[in-house]
Amino acid sequence: MTEVRIGPHKEVTLHFAIKLENGEVVDSTFDKQPATFKVGDGNLLPGFEQALFGFKAGDKRTLPILPEQGFGQPNPQNVQVMPRSQFQEMELSEGLLVIFNDAAKTELPGVVKAFDDNQVTIDFNHPLAGKTLSFEVEIIAVKAL
């Protein structure tokens, strides 16, 4: 019997770690339960899934994920300048995560990039946008659906 390899219509159980180029761990399952997902279910970004295609149970790899396959490049249009008056009750600091609600009441996180007495600059890009990541994986099981 041939070994089942990762591709469409497969369920995958794996341990993973996502690291920045400096080695800092952003997320990892190596110290807890492994993750299980169905290819194409949206739990992994498409670029991360594509990097796993062809792997089988027992494979261990560390894969580079370029920004275009990960969280994309930062979009300058996602940086907004808002009146300081919208933040009257807040103690602001650079790097502060602020949660906004859009018209559909969906939460939208933004990071304070700069502020003064008149305005606040908020970056709504994903914090990992523009970063090359290291995707360490250990494939535990691959099942056909």
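The values are calculated or read from the model by the stated rules, or taken from the named source; none is laboratory data. Treat the numbers as computed from the prediction; the structure is a model and nothing was measured. Virtual Cβ from ideal backbone geometry, glycine too; neighbours counted across all protein chains shown.
Please determine, by comparing only the residues of region 10-39 that are in contact (Cβ under 8 Å) with a residue 60 or more places away in the chain and basic (Lys, Arg), which one is farthest from Leu133 (Cα to Cα).
Lys10
Determine which member of the set Val25, Val39 is β-branched (Val, Ile, Thr) and surrounded by fewer than 15 Cβ atoms within 10 Å (Cβ to Cβ). Full working, then the answer.
Values: Val39 fails: surrounded by fewer than 15 Cβ atoms within 10 Å (Cβ to Cβ).
Answer to the selection: Val25.
Residues to consider are Gly72, Gly7; find the one that is of a type in the set (Gly, Ala, Ser) and within 18 Å of Ala129 (Cα to Cα). Break it down into steps so the answer makes sense when it comes.
Numbers: Gly7 fails: within 18 Å of Ala129 (Cα to Cα).
Just one listed residue meets the conditions, Gly72.
Restricting attention to region 69-78, does a residue exist that is outside any loop (DSSP other than H, G, I, E, B), modelled with pLDDT of 95 or more, loosely packed, with under 12 Cβ neighbours inside 10 Å and out of contact with any Cys (no Cβ under 7 Å at 6 or more places or on another chain)?
Our first condition is that a residue be outside any loop (DSSP other than H, G, I, E, B); within region 69-78, this holds for 76-78.
Next, from what is left, pick out any that are modelled with pLDDT of 95 or more: 76-78.
Next, only the ones that are loosely packed, with under 12 Cβ neighbours inside 10 Å stay: 76-77.
Still in the list and also out of contact with any Cys (no Cβ under 7 Å at 6 or more places or on another chain): 76-77.
Yes, some residue in region 69-78 is outside any loop (DSSP other than H, G, I, E, B), modelled with pLDDT of 95 or more, loosely packed, with under 12 Cβ neighbours inside 10 Å and out of contact with any Cys (no Cβ under 7 Å at 6 or more places or on another chain).
Six or more apart or on different chains, Cβ atoms under 9 Å: show the pairs whose first residue is in region 120-145 and at positive phi and whose second is surrounded by fewer than 20 Cβ atoms within 10 Å (Cβ to Cβ) and assigned to a loop (DSSP other than H, G, I, E, B).
From region 120-145, the pairs are Gly130/Pro67; Gly130/Phe71; Gly130/Gly72; Gly130/Gln73; Gly130/Pro74.
With respect to Phe55, is the statement that it is surrounded by 15 or more Cβ atoms within 10 Å (Cβ to Cβ), more than 21 Å from the chain's Cα centre (by Cα), at pLDDT below 95 and not basic (Lys, Arg) true? Write out each step before concluding.
Numbers: surrounded by 15 or more Cβ atoms within 10 Å (Cβ to Cβ): yes; more than 21 Å from the chain's Cα centre (by Cα): yes; at pLDDT below 95: no; not basic (Lys, Arg): yes.
No: the conditions fail for Phe55.
So how many residues does region 117-145 have that are hydroxyl-bearing (Ser, Thr, Tyr) and under 26 Å from Asp31 (Cα atoms)? Outline the logic, then answer.
Start the filter on region 117-145 by keeping residues that are hydroxyl-bearing (Ser, Thr, Tyr), which leaves 121, 132, 134.
Still in the list and also under 26 Å from Asp31 (Cα atoms): 132, 134.
So the count comes out to 2.
Taking Gly47, is it among the small types (Gly, Ala, Ser), closer than 19 Å to Leu133 by Cα, outside any loop (DSSP other than H, G, I, E, B) and in the same structural domain as Ile139 (by TED's automatic domain parsing)? Full working, then the answer.
Values: among the small types (Gly, Ala, Ser): yes; closer than 19 Å to Leu133 by Cα: yes; outside any loop (DSSP other than H, G, I, E, B): yes; in the same structural domain as Ile139 (by TED's automatic domain parsing): yes.
For Gly47, the condition - among the small types (Gly, Ala, Ser), closer than 19 Å to Leu133 by Cα, outside any loop (DSSP other than H, G, I, E, B) and in the same structural domain as Ile139 (by TED's automatic domain parsing) - is met.
Sort out which residues of region 109-124 are assigned to a loop (DSSP other than H, G, I, E, B) and at pLDDT 95 or above, and write them in order of number.
Quick first cut of region 109-124, residues assigned to a loop (DSSP other than H, G, I, E, B) only: 116-118, 124.
Asp116, Asn118, Phe124 - these are the residues of region 109-124 that are assigned to a loop (DSSP other than H, G, I, E, B) and at pLDDT 95 or above.
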